[in-house]
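I have placed the structure first, in the form of structure tokens, so that the comments after it can refer back to it.
FYI, it's all coordinate maths here, none of it is from the lab. Bear in mind that the values here come from a model prediction, so they are computed numbers and not experimental data. Cβ atoms come from the backbone with ideal geometry, glycine included; neighbour counts cover every protein chain shown.
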Amino acid sequence: MKTLLKYGLLITMGAIAWVVIAHYTITNPTSIVHTLGTPIFFNVLQFTMIYLGIKTVEREKGERLTFKEGIQTGFGISFIYGVALSVFFGIVLAVMGTKWMAVEPGAGAAPSSQIVGAFLGLFLSALIFGLIYSTVISFFIAKRQSENAD
């Protein structure tokens, strides 16, 4: 659990750093840094931290993880990341208003249903991509059943 929390919060801290730096250095919300750079950075960061988290759990256990354990570890890290990032954006929304959410013209005055949908989309995409990434990583580094026969 400690490893899941550590790596989930590391992803969150990286994402927060990106958002704060990007919004204060590039004020145009339709800039390519915001529209293309942000999803690329978030996904590479999530993939990397899931990989590092799985490898850390392996080191702690002293043996390679099974496929199922790798997926559970990656999903747990992604769950922590999804919750923590949603909390961060909830705080930003409460303090700053909707101006940081304005990627398209007129999106700054979004209705509450659209805001709830954005939070739900953020959380679910963190979980879905975390499941995909942990599955791919576990496929390549997990212990095989033939190794158990020895």
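So the values come out like this:
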read-out: Residues located in segment 71-94, provided they are surrounded by fewer than 22 Cβ atoms within 10 Å (Cβ to Cβ) and of a type in the set (S, T, N, Q); value: 72, 86
read-out: Filter result (among the charged types (D, E, K, R) and touching a helix residue (DSSP H, G or I) at 6+ places or on another chain (Cβ under 7 Å)) within segment 61-92; value: 64
read-out: Residue that is nearest to residue 134 (Cα to Cα), among those in segment 65-77 that are assigned to a helix (DSSP H, G or I) and among the hydrophobic types (A, V, I, L, M, F, W, C); value: 71
read-out: Scope segment 47-64; condition basic (Lys, Arg) and either surrounded by 11 or more Cβ atoms within 10 Å (Cβ to Cβ) or not in a helix (DSSP H, G or I) (or both); matching residues; value: 55, 64
read-out: Residues satisfying the stated conditions in segment 49-104, i.e. over 18 Å from residue 4 (Cβ atoms) and among the polar types (S, T, N, Q); value: 98
read-out: Residue list for segment 4-46, filter: touching a residue at least 24 places away in the same chain (Cβ under 8 Å), more than 15 Å from the chain's Cα centre (by Cα) and part of a helix (DSSP H, G or I); value: 23, 34, 35
read-out: When residues of segment 32-46 are limited to those that are in contact with a helix residue (DSSP H, G or I) (Cβ under 8 Å, 6 or more places away or on another chain) and over 18 Å from residue 130 (Cβ atoms), the one surrounded by the fewest Cβ atoms within 10 Å (Cβ to Cβ); value: 37
read-out: Any hit, segment 97-104, residues being without any contact (Cβ under 8 Å) to a residue 24 or more places away in the chain and surrounded by 18 or more Cβ atoms within 10 Å (Cβ to Cβ); value: yes
